[in-house]
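The structure appears below as structure tokens.
The values are calculated or read from the model by the stated rules, or taken from the named source; none is laboratory data. The shown structure was predicted, so the numbers you read here are calculated from the model rather than taken from an experiment. In this analysis, Cβ positions are derived from the backbone assuming ideal geometry, glycine residues included, and neighbour counts consider all displayed protein chains. Heavy atoms of the whole protein, side chains included, go into the accessibility calculation; ligands, DNA and RNA do not. Shrake-Rupley method; radii C 1.70, N 1.55, O 1.52, S 1.80 Å.
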Amino acid sequence: MKVLVPVKRVLDYNVKARVKSDQSGVDLSNVKMSMNPFDEISVEEAVRMQESGTASETIVVSIGPARARETIRTALAMGMDRGIHVQTDEDLEPLAVAKILKAIVDAEGPEIVILGKQAIDNDYGATGPMLAALLDWPQGTFANTIEKNGASLSVKREVDGGLQTVKLELPAVVTTDLRLNEPRYASLPNIMRAKKKPIDAKTPGDYGVDTAPRLKVLKVTEPPARKAGIKVENVAMLVDKLKNEAGVI
Amino acid sequence: MAILIIAEHDNTVLKDATHKTVTAAKAMGGDIDVLVAGKDVEGVSAEAAKIEGVRKVVACDHISLKRQLAESMESVVVDLMDRYDAVLAPDTTTHTNYMPRVAARLDVQQISSVTGVENADTFVRPIYAGNAMAHVQSSDPKKVVTVRTTAFDTTGEGGDADVEAISDPSGPFKAEFVSEELTESDRPELTDANIVISGGRGIGSSENFAIIEALADKLGAAVGASRAAVDAGYVPNDYQVGQTGKSVAPDLYIAIGISGAIQHLAGMKDSRVIVAINKDEDAPIFQIADYGLVADLFKAVPEFTEAV
Ligand SMILES: Cc1cc2nc3c(=O)[nH]c(=O)nc-3n(C[C@H](O)[C@H](O)[C@H](O)COP(=O)(O)OP(=O)(O)OC[C@H]3O[C@@H](n4cnc5c(N)ncnc54)[C@H](O)[C@@H]3O)c2cc1C
Ligand SMILES: Nc1ncnc2c1ncn2[C@@H]1O[C@H](COP(=O)(O)O)[C@@H](O)[C@H]1O
């Protein structure tokens with residue numbers, strides 16, 4: 001069984017995004033970029049599937065600028081087999097990403113595609129279900145546990161009320177949530193080994209996908225600022241403020 | 001312009017997130033219908049019909065919709081969309097699960113978790129954990145929108161809409177429900193509560209969460225948590241507040257033993273009044289707290305509970 005894992009290169013989760021003064025977007029010059037944290041979880045899951053004999057081949061794909069190759073290398077160093085880099089300098093919308101991924105799925109024939117539940121830059125949370133719909137596959141989003149039983153996949157999902165388990169006919173799309181696993185660090189020998197693993201170079205045009213954006217970004221603004229608060233000395237003062245100043249208890 | 005709203009409910013109770021989504025739709029302008037999709041949802045449909053400003057309730061009552069799984073919801077909503085120019089749903093896990101499927105089937109880009117509606121095609125949505133707000137204009141012929149309901153007021157009652165039953169979803173579907181483990185609690189729902197009290201890694205154990213719960217029960221509050229507290233197994237996953245958990249905006253949010261990482265702030269910084277209790281005076285949570293108390297939580301929280 002082949003497993004495909006799409007990964008996105010995003011602003012590192014420890015870095016606070018800064019809005020550009022001309023309101024054209026977020027400033028990404030000279031900031032640390034990393035693999036989307038949910039995608040690290042997807043990569044880890046795919047590698048574990050291979051280690052346990054569930055997966056026969058693991059393929060990582062990233063759609064993005066030249067440096068997205070580094071993100072692919074990271075996934076290869078974590079243990080995936082080979083990569084596909086679809087190079088574009090546009091930050092494509094989930095619909096365009098899902099269409100390219102569908103073309104890759106058609107060409108590669110994986111039985112499971114594991115995506116992150118959301119990319120922490122644009123916070124869309126849309127690509128996984130979009131891909132599932134384009135393929136007419138079932139989906140298990142927000143996965144907390146994944147188990148393959150014969151021709152079906154059992155996915156325990158993190159939902160608003162607690163946990164829900166669904167059974168999916170394969171092939172299927174899964175999106176990962178935080179508690180699925182703890183991603184490993186790549187060891188030095190594996191980083192060296194990853195340098196020899198193949199990465200296919202592609203462009204969106206190779207897949208015949210129209211990637212024109214559907215949403216026009218009119219401007220990107222700072223969120224409303226909160227006014228500075230105060231420190232209180234003790235619990236009695238806190239209770240007094242909440243009762244008599246804020247009127248919330 | 002005709003807008004379809006998808007109701008948030010558990011087959012028994014219509015949730016206020018629905019009313020707030022109606023408020024968001026009103027800012028787009030046009031006729032508003034509400035879809036109630038579920039099993040044995042006559043009661044929920046009757047409640048939806050009372051929402052002020054709703055033209056019609058469309059009800060789809062079928063066993064395959066009992067858990068509102070993505071595949072069957074996609075089928076129902078997509079079939080309805082030749083009648084509508086836009087579809088809006090709350091950004092809870094139920095709807096964020098299938099709305100992108102609907103968008104893909106209609107060949108439109110979903111506009112996720114909007115906190116502002118400027119007009120029928122222009123929306124404001126937080127990006128980068130709420131550190132930036134994107135103002136986006138959609139050129140798609142139909143709009144598929146999920147709504148961050150904490151950013152909108154509720155819509156009152158007074159409506160008297162008709163309920164139209166529609167035909168069953170066209171299965172079979174390739175996914176089936178197996179089981180669920182729902183978190184039981186008598187406390188208010190996190191996303192609905194006037195007061196939310198959240199605990200973080202500083203609480204130290206699942207047993208220690210009892211001191212948070214005691215304060216919550218005294219104040220009639222909901223209990224939330226940081227990711228670290230969930231990861232450590234102190235509380236269930238559905239307690240997580242933040243960028244990748246729930247968004248809350250109560251009148252009062254009390255963060256206890258939480259440092260204030262950007263991912264946590266993303267889910268609570270729109271609360272009206274924020275209180276932080278932390279023993280580290282440099283914890284970033286104090287930068288957004290209206291009232292900060294530098295103290296050991298094991299001493300301060302029981303004292304707090306005693307005092308209110
Ligand atoms: C992809 C991704 C998504 C994430 N999503 C979320 C999310 O949705 N929500 C979220 O919350 N986090 C999220 N995080 C995690 C986030 O980055 C932080 O790691 C997390 O919020 C930290 O939780 P914490 O504040 O409880 O723990 P810590 O940062 O460890 O802080 C614990 C605090 O407790 C205080 N403390 C300890 N003992 C005491 C005591 N006795 N009395 C008083 N104070 C005490 C300490 O001073 C410290 O400030 C995400 C991270 C990633 C990478
Ligand atoms: N440019 C991209 N290249 C590869 N995968 C992507 C890309 N954008 C999104 N994805 C995948 O889709 C998931 C959800 O992203 P989003 O829908 O943008 O929140 C990510 O976690 C990735 O798995």
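Highest mean packing comes first when the peptides B:167-173, A:103-109 are listed by Cβ atoms within 10 Å, giving A:103-109, B:167-173.
Per residue, the convex hull spanned by the Cα atoms of chain A measures out at 189 cubic angstrom. For region B:1-125, the relative contact order works out to 27 percent when only alpha carbon pairs closer than 8 Å and six or more residues apart are counted. Pick from B:GLU176, B:GLU157, B:GLU213 the residue whose mean-square fluctuation is largest in a GNM of chain B, springs joining Cα atoms under 10 Å. Of the options given, B:GLU176 has the highest mean-square fluctuation. Could you list, in their original order, any pairs among A:LYS156/B:LYS26; A:LYS102/B:LYS269; B:LYS66/B:LYS246; A:LYS2/A:LYS196 whose Cα atoms are separated by more than 29 Å? Listed pairs above 29 Å: A:LYS156/B:LYS26; A:LYS102/B:LYS269.
Contact residues in region B:95-109 (at least 10 Å² less accessible area with all protein chains than alone, 1.4 Å probe): B:THR96, B:ASN97, B:PRO100, B:ARG101, B:ALA104, B:ARG105, B:ASP107, B:VAL108, B:GLN109.
The mean count of C-beta atoms from other chains within 10 Å of the C-beta of residues in A:11-24, rounded to a whole number, is 3.
Under the criterion of Cα pairs below 8 Å and six or more residues apart, the relative contact order for chain B equals 15 percent. Over all other residues within a Cβ to Cβ distance under 15 Å of B:ASP40, the charged ones net out to -2, with Lys and Arg as +1 and Asp and Glu as -1. For chain A, set up a GNM with springs between Cα atoms under 10 Å and report which of A:ASN36, A:ASN234, A:ASN122 has the largest fluctuation. Highest fluctuation of the listed residues: A:ASN234. With protein chains left intact and a 1.4 Å probe, residues in region B:226-308 average 36 Å² of accessible area per residue. When chains B and A come together, the accessible area they lose, probed at 1.4 Å and totalled over both chains, is close to 6900 Å². For chain B, modelled as a GNM with alpha-carbon contacts under 10 angstrom, which of B:ALA216, B:ALA48, B:ALA89 fluctuates the most? Result: B:ALA216 has the largest fluctuation of those listed.
Taking every residue in B:284-292 and counting other chain Cβ atoms within 10 Å of its Cβ, the average works out to 5. Quarter the surface of the alpha carbon convex hull of region B:195-307 and you get the mean projected area, 5.8 square nanometres. Counting, for every residue in A:173-179, the Cβ atoms of other protein chains within 10 Å of its Cβ and taking the mean gives 3. Computed in the context of the full set of protein chains, the accessible area of region B:195-307 at 1.4 Å probe radius has 47% of its extent on carbon or sulfur. Cα centroids of region B:245-291 and region B:186-243: 13 Å apart. A cut-off under 14 angstrom between Cβ atoms defines the neighbours of A:ASP200, and their net charge, with Lys, Arg +1 and Asp, Glu -1, is +1.
Annotation for region A:162-246: GluC sites (Glu not before Pro) lying in DSSP loop with at most 15 further Cβ atoms inside 10 Å of their Cβ are A:GLU233. Relative contact order of region B:51-112: 30 percent, from C-alpha pairs under 8 Å at least 6 residues apart in sequence.
If one takes the longest principal axis of the Cα atoms in chain A, at what angle in degrees, from 0 to 90 and to the nearest 10, does the Cα axis of helix A:68-78 lie? On a 0 to 90 degree scale, this one is about 80. Here region A:2-246 exposes an accessible surface that is 48 percent carbon and sulfur, computed with a 1.4 Å probe and the other protein chains kept in place. For region B:2-165, the C-alpha radius of gyration divided by 2.2 N^0.38 Å, with N the number of residues, is 0.95. The protection proxy used here, the mean number of other Cβ atoms lying within 10 Å of each residue, ranks peptides A:89-98, B:189-198 as follows, highest first: B:189-198, A:89-98. Please give the Cα centre distance for region A:64-133 versus region B:68-88, rounded to the nearest Å. Answer, in whole Å: 26.
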